[in-house]
Amino acid sequence: MSCGASPRDHHPVRKRRQRLLPTLALPRRLPDFPILIETPDLTPWEKGNNGIAGVIERDSGLPGPEITVVSLIHGNEFAGAAASDRLLREDIRPICGVLRFVFANMAAFRRFDPEHPTASRFIAEDLNRVWSHDRLDLPPGSVEIERAIELLPIIQRSDLLLDLHSMLWESAPLFISPQTERSIALAGMLSSRSDTQFLTLTDLGHVGGARLIEHERFMAASGAPASVLLEAGQHWRPETVEISTRVIRQFVDNAAFLHFGARHTDNGAAHQATVTDNVVARSASFAFTEPYQGGHVIQSAGTVIATDGEDEICTPYDHCVLIMPNLCVRRGQLAVRLARRL
């Protein structure tokens with residue numbers, strides 16, 4: 001299906017194919033992704049130092065914001081954890097306030113197997129789909145819900161939160177923020193202080209549940225707290241660790257300025273976009289017309305980018321940005337997000 005947030009300019013996202021070719025939908029398997037980084041040794045941080053396992057706190061001793069860096073929401077996405085580990089060993093400290101590093105799903109991370117690298121994303125359910133009252137107010141029903149409830153006091157105290165992720169398929173790095181002025185400003189600040197400005201994105205969320213950046217702490221239109229999610233690159237590449245490391249440094253060094261409103265933030269319009277459609281595969285035969293990488297821009301509206309059973313998937317407007325296309329999508333999975341540049 002396709003979820004739309006704005007009216008179409010000319011072309012629908014889905015249209016019936018004019019001619020169907022007899023094809024057989026064969027089972028598809030993921031390619032073998034090379035693991036080019038070592039799994040980090042996180043044993044020094046497992047017990048934590050503030051009463052919660054996997055949470056490391058650094059207090060500046062000065063008044064200021066409580067800022068949180070989260071990694072390992074997904075157990076096989078450990079580039080962000082490797083970056084956090086590196087900076088903790090360097091004894092990174094906030095300018096003021098409190099800095100906390102959270103290693104979220106250590107249980108899934110411990111199960112990582114290079115021979116089956118996608119199998120340890122979570123144990124029972126996706127930890128990045130549970131951050132709403134209707135999930136967290138109920139008795140725990142999974143390892144991930146138990147962990148979310150354990151981490152909830154940290155999230156509820158966070159003034160600024162950076163959630164570190166990576167991507168299975170090759171894609172340009174990007175920031176995703178809730179549609180609040182404060183969070184958009186945080187994403188813009190981090191992008192503008194990068195060597196190369198990343199795309200900063202607002203999107204439609206996930207039908208599967210609320211992500212960490214969408215916890216109510218960060219969603220009030222007039223509230224002070226802000227959150228942003230970094231998609232730093234392909235899961236197991238060295239440059240993904242390097243990008244995560246640089247962004248954490250920028251976050252820690254600049255968070256106080258943003259919190260106190262002491263520094264102007266500016267992210268050029270060419271680097272902002274908003275997702276208008278989530279394209280979900282309706283058939284087992286969903287296939288892109290080309291092996292697109294995330295961030296690819298389709299210049300013309302109405303361009304066919306994929307077929308899905310009897311449907312063609314088309315770009316709804318000119319200069320459409322493809323966000324994290326899944327090149328081996330299964331029926332019912334999110335295949336691609338379509339975004340309009342602002």
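The values are calculated or read from the model by the stated rules, or taken from the named source; none is laboratory data. Everything numeric in this text was worked out from a predicted model, so none of it was measured. Heads up, the Cβs are rebuilt from the backbone with ideal geometry, glycines too, and the neighbour counts pull from every protein chain shown. With ligands, DNA and RNA removed, areas are computed over all heavy atoms of the protein, side chains included. Shrake-Rupley method; radii C 1.70, N 1.55, O 1.52, S 1.80 Å.
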What do you reckon, is L160 closer than 25 Å to T39 by Cα and either buried (at least 16 other Cβ atoms within 10 Å of the Cβ) or touching a strand residue (DSSP E or B) at 6+ places or on another chain (Cβ under 6 Å) (or both)? no
Result of the Cβ filter at 8 Å on the range 72-85, keeping first residues that are over 16 Å from V247 (Cβ atoms) and partners that are assigned to a loop (DSSP other than H, G, I, E, B) and charged (D, E, K, R), at least 6 apart or interchain, is H74/R121; H74/D126; G75/R110; G75/R111; G75/R121; N76/R121
Within the range 293-317, track down each residue that is open to solvent by 20 Å² or more (accessible area, probe 1.4 Å) and within 25 Å of F175 (Cβ to Cβ). Q293, G295, H296, V297, Q299
Quick one: which residue in L190, L138 is crowded, with 23+ Cβ neighbours inside 10 Å and on the phi < 0 side of the Ramachandran plot? L190
N49 - would you say it is among the polar types (S, T, N, Q) and without any contact (Cβ under 8 Å) to a residue 24 or more places away in the chain? yes
Out of F218, F198, sole residue that is modelled with pLDDT of 95 or more, more than 17 Å from S71 (Cβ to Cβ), aromatic (F, W, Y) and crowded, with 16+ Cβ neighbours inside 10 Å: F218
When both residues are 6+ apart or on different chains and their Cβ atoms are under 8 Å apart, which pairs have a first residue that lies in the range 182-194 and is in contact (Cβ under 8 Å) with a residue 24 or more places away in the chain, and a second that is of a type in the set (D, E, K, R)? G188/D266; M189/R263; S192/D266; S194/R246
N326 in a strand (DSSP E or B), touching a residue at least 40 places away in the same chain (Cβ under 8 Å) and farther than 30 Å from L88 by Cα: no
Answer yes or no as to whether I184 is surrounded by fewer than 24 Cβ atoms within 10 Å (Cβ to Cβ) and modelled with pLDDT of 95 or more. no
